[in-house]
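A.B. asks: Submitted below is the structure of interest, expressed as structure tokens.
Values in this text are rule-based calculations from the coordinates and carry no lab data. No experiment lies behind these values; they were computed from the predicted model shown. Neighbour counts are summed over all protein chains in view; Cβ atoms, including those assigned to glycine, are modelled from backbone coordinates with ideal geometry.
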């Protein structure tokens, strides 16, 4: 459920749905990239971002706290170390800093989760 735009996605099998905790995240390695996958169970929505927090360069976003921001209830993740908060939709830093994370489209087919990697 990402708004990342691109025409040429290569869909990669990332994991099984049971590998990602409800209302939490997990990390996978795809094409040499650590990607954080998040499942918002109460909304039945999936998101994927880079796992690296741009603030301090730590591979930690998959372990961050997830939630919603503002009246629009935009899904977000907070880095577990320094609490910088990022939109799971746009990748924009919601903490007022000039950081951004890469987001990826997600598809779920049966019990498998696929991530779109740009071609």
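A.B. asks: How many of the residues making up the stretch 65-96 are touching a strand residue (DSSP E or B) at 6+ places or on another chain (Cβ under 6 Å), touching a residue at least 60 places away in the same chain (Cβ under 8 Å) and over 18 Å from residue 20 (Cβ atoms)?
C.D. replies: Count: 1.
A.B. asks: From (1) assigned to a loop (DSSP other than H, G, I, E, B); (2) touching a residue at least 60 places away in the same chain (Cβ under 8 Å), pick out the condition that doesn't hold for residue 107.
C.D. replies: Of everything listed in (1) assigned to a loop (DSSP other than H, G, I, E, B); (2) touching a residue at least 60 places away in the same chain (Cβ under 8 Å), residue 107 misses just condition (1).
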